[in-house]
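A quick write-up on the structure given underneath.
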Amino acid sequence: MRLRCSSFLHTPRRAWKGMHMRNYTTQMEAARKQIVTKELEIVAQKEHMTTEELMPLVAEGKVVICANKNHTCIDPEGIGSMLRTKINVNLGVSRDCKDYDVEMQKVMQAVEMGAHAIMDLSSHGNTIPFRRKLTSECPALIGTVPIYDSVIHYQRDLDTLTARDFIDVVRLHAQDGVDFVTLHCGITRKTIEQIRQHKRKMNIVSRGGSLVFAWMCMTGEENPFYEYYDEILDICREYDVTVSLGDACRPGCLADATDVCQIEELVRLGELTRRAWEKDVQVMVEGPGHMPLNQIKANMEIQQTICKGAPFYVLGPLVTDIAPGYDHITSAIGGAIAATYGASFLCYVTPAEHLRLPNLEDVKEGIIASKIAAHAADIAKGIPGATDWDNAMSQARRDLDWEKMFDLAIDSEKARRYRAESKPENEDTCTMCGKMCAVRNINKILKGEDVDIME
């Protein structure tokens with residue numbers, strides 16, 4: 001894991017000033033007051049922007065800097081469509097796989113591999129020590145879904161919980177230093193009838209959304225995250241927690257993509273975005289899970305229009321339903337397109353999706369696939385410096401500089417291992433082409449040397 005707060009060690013003095021005299025509540029309020037926070041300055045440096053360029057984007061809600069005031073070891077990141085595309089890694093224990101030490105290994109691996117955010121989706125056991133360990137030691141952004149924790153925290157069945165119980169857990173997570181919380185605020189009792197009438201193929205596949213839906217059906221009450229939204233915003237404002245507006249009706253298969261249930265909820269999320277901004281609370285909006293390729297661009301544009309440019313956080317989208325075991329690939333395809341057309345934040349998907357809790361190798365493969373998608377999108381969007389990495393790799397390939405190629409590879413270990421497993425006769429070639437290598441031979445010709453293939 002990266003050293004705690006290592007990126008803060010050389011932060012300019014101006015950025016530190018606010019630590020001792022914080023005269024703002026949230027990063028959005030600071031930006032609106034023209035206050036340069038230490039987090040804003042760090043993000044600007046990372047994005048090759050000036051604070052003057054970045055500040056209005058934060059003030060308008062088009063960029064969020066998720067940074068709970070109690071997460072003191074955070075290495076801040078900005079999330080917005082005009083910045084580098086960020087990736088999130090979902091982790092956490094379940095009733096069947098409940099080893100928190102293993103989950104911490106996954107956290108360490110994810111941070112070392114460059115994940116920008118970790119979401120603790122634990123649904124079993126005492127979650128408090130693990131969550132507090134994350135916010136005290138992990139420099140990545142930390143997210144949670146408080147409704148998962150509600151049943152665990154109170155050790156009671158869902159239908160016995162009250163609206164107050166849910167709100168109190170949101171406050172607990174905020175106090176523990178969580179940077180963003182996924183709240184399924186956009187479904188209401190109206191959604192119950194929509195789901196029953198429209199006969200979706202997969203109904204609701206959002207775990208948090210299904211719990212809210214079930215609670216409403218069993219209690220006859222309105223969604224507490226919608227009904228008491230203003231009180232929740234007050235909590236988020238107090239601790240500077242970013243609200244990630246969960247999409248309970250995200251499509252869980254291609255057949256349900258861009259249907260009435262999804263779009264009606266999105267319209268309500270646009271309303272909730274506006275209400276959060278009125279209280280200086282930062283917002284991300286979560287987006288579709290499964291979606292045909294040809295619908296992705298339109299969905300990104302619709303979200304940006306309805307939610308006024310708030311950062312879009314997408315799971316995938318997965319572009320086909322038939323690839324269990326390979327859904328890191330189906331997700332990366334959709335994620336690259338989504339980020340090209342406006343998504344800011346990609347939630348990784350592992351090969352284990354739809355099958356089991358991911359192991360360490362699954363986590364690695366999911367991160368690599370998401371990083372490839374994010375980088376490909378950054379190139380397409382023209383993010384400053386995005387192509388520098390690719391140009392350096394091309395130069396190393398032209399020079400047949402294998403060590404440089406390994407150093408630049410997105411997965412250096414795999415690149416080194418593949419070459420070691422199949423050693424060529426000549427070091428300036430590989431076992432694919434041997435002495436027929438196009439790069440080798442053109443280099444020789446341009447240097448005035450003969451090409452020796454048969455020797």
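The values are calculated or read from the model by the stated rules, or taken from the named source; none is laboratory data. Predicted, not measured: the structure shown is a model, and the values here were computed from it. Every residue, glycine among them, receives a Cβ derived from its backbone with ideal geometry; neighbour counts consider all protein chains shown.
Tabulated values for the structure
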| read-out | value |
| --- | --- |
| Subset of the stretch 215-239 (residues that are farther than 14 Å from P146 by Cβ and without any contact (Cβ under 8 Å) to a residue 40 or more places away in the chain) | M216, C217, G220, E222 |
| Only one of A310, A298, A338 that is assigned by TED's automatic domain parsing to the domain that holds M202, within 10 Å of G287 (Cβ to Cβ) and of a type in the set (A, V, I, L, M) | A338 |
| Residue identified as surrounded by 18 or more Cβ atoms within 10 Å (Cβ to Cβ), within 30 Å of H354 (Cβ to Cβ) and out of contact with any Gly (no Cβ under 7 Å at 6 or more places or on another chain) among L141, L233 | L141 |
| Residues located in the stretch 236-269, provided they are surrounded by fewer than 20 Cβ atoms within 10 Å (Cβ to Cβ), out of contact with any helix residue (DSSP H, G or I) (no Cβ under 8 Å at 6 or more places or on another chain) and not in a helix (DSSP H, G or I) | C253 |
| Criterion violated by R417 - all others in (1) over 30 Å from I337 (Cβ atoms); (2) in contact with a Cys (Cβ under 9 Å, 6 or more places away or on another chain) satisfied | (2) |
| Criterion: closer than 21 Å to D240 by Cα and in the same structural domain as N359 (by TED's automatic domain parsing) - qualifying residue of A117, A110, A31 | A117 |
| For H124: the one exception among (1) touching a Pro at 6+ places or on another chain (Cβ under 7 Å); (2) assigned to a loop (DSSP other than H, G, I, E, B) | (1) |
| R275, sole failed condition from (1) surrounded by fewer than 19 Cβ atoms within 10 Å (Cβ to Cβ); (2) outside any helix (DSSP H, G or I) | (2) |
| Search result, residues across the stretch 93-115 that are more than 19 Å from R207 (Cα to Cα), touching a helix residue (DSSP H, G or I) at 6+ places or on another chain (Cβ under 9 Å) and not charged (D, E, K, R) | Y100, V102, M104, Q105, V107, Q109, A110, M113, G114, A115 |
| Within the stretch 322-402, helices (runs of 4 or more DSSP H) holding 1 or more residues that are surrounded by fewer than 16 Cβ atoms within 10 Å (Cβ to Cβ) and in contact (Cβ under 8 Å) with a residue 24 or more places away in the chain | 360-381, 386-398 |
| Residue in the stretch 34-57 that is of a type in the set (A, V, I, L, M, F, W, C), assigned by TED's automatic domain parsing to the domain that holds H173, assigned to a loop (DSSP other than H, G, I, E, B) and at pLDDT 95 or above present | no |
| Some residue of the stretch 420-438 being β-branched (V, I, T) and either within 30 Å of V349 (Cα to Cα) or at pLDDT 95 or above (or both) | no |
